[in-house]
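First comes the structure, then the notes that go with it.
The values are calculated or read from the model by the stated rules, or taken from the named source; none is laboratory data. For clarity, every value in this text was computed on a predicted model and none was experimentally measured. Ligands, DNA and RNA are stripped out before the accessible areas are found, and what is left, the full protein with its side chains, is counted by its heavy atoms. Shrake-Rupley method; radii C 1.70, N 1.55, O 1.52, S 1.80 Å.
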Amino acid sequence: MKKIILNVLLFSFITVACYAGTELKVGTYNVRYYNTDDKGLKAWSSRKSYVAQILIDHKYDIVGLNEVRTTTQQKDLHNLMKGYDYVEYEDGKKHNWNSIYFLQDKFEALESGYYFLSVDGNAKTYWDNSTNIRHTTWVKLKVKNTEEILYYFSTHLDQTGVMARQEQARINVEHVRKIAGNYPAIIAGDHNCTDGWTFIYDYYRSYLKHQLLNGLLLLPHL
């Protein structure tokens, strides 16, 4: 497996990531939080089975989910994502999980954890983003057939603060370098930006490709 960093700066589905030893199909999807004001087809009760089936039909090896809120939404996905194991951590306030699902028969989770995207590493410190709490979940996976190791990071940057997004991208870079070391790493999630937000793209590109070796793939905004 080559030491390649995939910076997935998208809001929903993504692409196929190919390594030397193993081909991986990875994705990220903001499922939209459970909202009692959503009615009809927008309601979670109407959407949940379709959300899970889309992910299963696309046969993602690994997929990160954003805005999984409430234990109802969390448990529904656990029950519906057949054939997948998962790791997830919540923000401690709004019960907002950045979940990572991966195929049970393909991967073994060796370690996992999370970190807050905040001023001092705690949940309740902010920049220009009011009181929003953001965090990144990560997992260290072993490919069972080849024993290759890789890391997957599921992140969700702030939707209101420009400085917050910049600083949260910086924190992600620092933690990916520290946690993944020289292993391949994929960082994916809702970055609340488009491909025009060059400062976020440039920040990831400038630091990750040099520290974690052998190239960087920036996927287009869909």
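Residues in segment 60-181 average 41 Å² of solvent-accessible surface per residue, probe 1.4 Å, ligands and nucleic acids excluded. Once the chain from residue 146 to residue 162 is taken as fully extended at 0.36 nm per residue, the excess over their C-alpha distance is 1.6 nm.
Over all Cα atoms in segment 83-178, the spread is summed up by Rg and Dmax: 14.6, 46 Å.
Among 179, 171, the order of accessible area from largest down is 179, 171, computed with a 1.4 Å probe on protein heavy atoms.
Atom-type composition of the exposed protein surface of segment 75-173 places 44 percent of the accessible area on carbon and sulfur (1.4 angstrom probe). Rounded to the nearest 10 square angstrom, residue 126 shows an accessible area of 60 square angstrom against a 1.4 Å probe. Largest accessible area first, the listed residues 170, 177 line up as 177, 170 when surface is computed with a 1.4 Å probe on the assembled protein chains.
When 81, 163 are compared by accessible area at a 1.4 angstrom probe, the order from most to least is 163, 81. According to the Cα-based calculation, Rg over Rh for segment 20-125 is 1.00, with Rh computed by the Kirkwood formula.
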